[in-house]
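Values in this text are rule-based calculations from the coordinates and carry no lab data. Quick caveat: nothing in here was measured; it's all calculated off a predicted structure. Because the Cβ atoms are built from the backbone with ideal geometry, glycine has one as well, and the counts that use them run over all protein chains shown.
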Amino acid sequence: MSNIFEDMADALTEAAETVTNKAREVKDTSALKAKLRSHEKHINDTYSKIGRSYFNLHKDEEDNEYLTDINSIKADMKEIEYLKECIDNLNR
């Protein structure tokens, strides 16, 4: 009978170690993923900043390899202004 309790204790100890190791693994993976997302966000923010600067420098040029994209942004900006005005008019 004593053997059964020792076997159960050993099994519980092993299970607790497995759970602890898995929890540590999940925590470590989560921390690495958070760092990864932070670096990816920084890169995307920097790309956006560069793009915004490029747009502001070249938005009035007629001969530009990104003219289609620049015009698309300008059109979206006009639409945003129009929609904001519509919202303001509804809230008056």
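Observations, loosely collected:
- Residue in region 4-12 that is outside any helix (DSSP H, G or I) and either polar (S, T, N, Q) or more than 26 Å from the chain's Cα centre (by Cα) (or both) present: no
- Just one of the listed residues (46, 13, 68, 29) is among the hydroxyl-bearing types (Ser, Thr, Tyr), free of Cβ contacts under 8 Å to residues at least 12 places away in the same chain and exposed (fewer than 10 other Cβ atoms within 10 Å of the Cβ), namely 68.
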